[in-house]
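Notes for the one structure printed next.
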């Protein structure tokens, strides 16, 4: 198999702007992804937004991924993916950050290894997607203006999109209060 160098123009711009940090790049089916370390993510994303040659002015989505049990070997268990769009240059670009937990992931314990800097200061629209990633995966975004659960109730005991969360839940269904038309 021949290995090719990804040719998206953004890769070279980031590499030149950040010569001292570890960067990895991949392209699959025409979609370019830059992989950065957690401590460098905010600086790289800021560059991608503010540099006129890239001008990624729109954050389309922030998504979480749990690679537990993935058939291929992955560098870390979790990933956060930022889906960026430049309207000016008509480009789409993905930035992925891998995170590896340092404590067991079976509860709601705050793991210092599962923290990223929020990008709400760059794209205010990141507020709700970051909250969703926090709610479902337990990845916390430092300096987020309102980091709290968005889909589940405050006292929910875990993060249900983690692959080690039981498929039938941990008793949540049995604890539901039945609400019908006569309930107040």
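Observations, loosely collected:
- Inter-centroid distance (Cα atoms) of segment 102-158 relative to segment 37-73, Å: 16
- 222 nm mean residue ellipticity, helices alone, for the chain (DSSP H n ≥ 4; -39,500 (n - 2.57); rounded to 500): -5000 deg cm²/dmol
- Footprinting exposure proxy for 65, 139, 21 (fewest neighbouring C-beta atoms within 10 Å first): 21, 65, 139
- Cβ-based exposure ranking for 58, 134, in which fewest neighbours within 10 Å come first: 58, 134
- On Cα atoms only, tilt of 127-137 relative to the major axis of the chain in degrees: 60
- Nearest-ten-degree value, helix 41-50 long axis tilted from longest Cα axis of the chain: 60
- Between residue 12 and residue 68, the FRET efficiency estimated from the beta carbon spacing at R0 = 35 angstrom works out to 0.55.
- Solvent-free Debye scattering, log10 I(q)/I(0), computed from the Cα coordinates of the chain at q = 0.09 Å⁻¹: -0.38
- Ranking of 33, 154, 26 by count of other Cβ atoms within 10 Å, fewest first: 154, 26, 33
No lab work stands behind these numbers, since they all come straight from the coordinates. Treat the numbers as computed from the prediction; the structure is a model and nothing was measured. Counting neighbours? That spans all protein chains shown, and the Cβs are built from the backbone with ideal geometry, glycine included.
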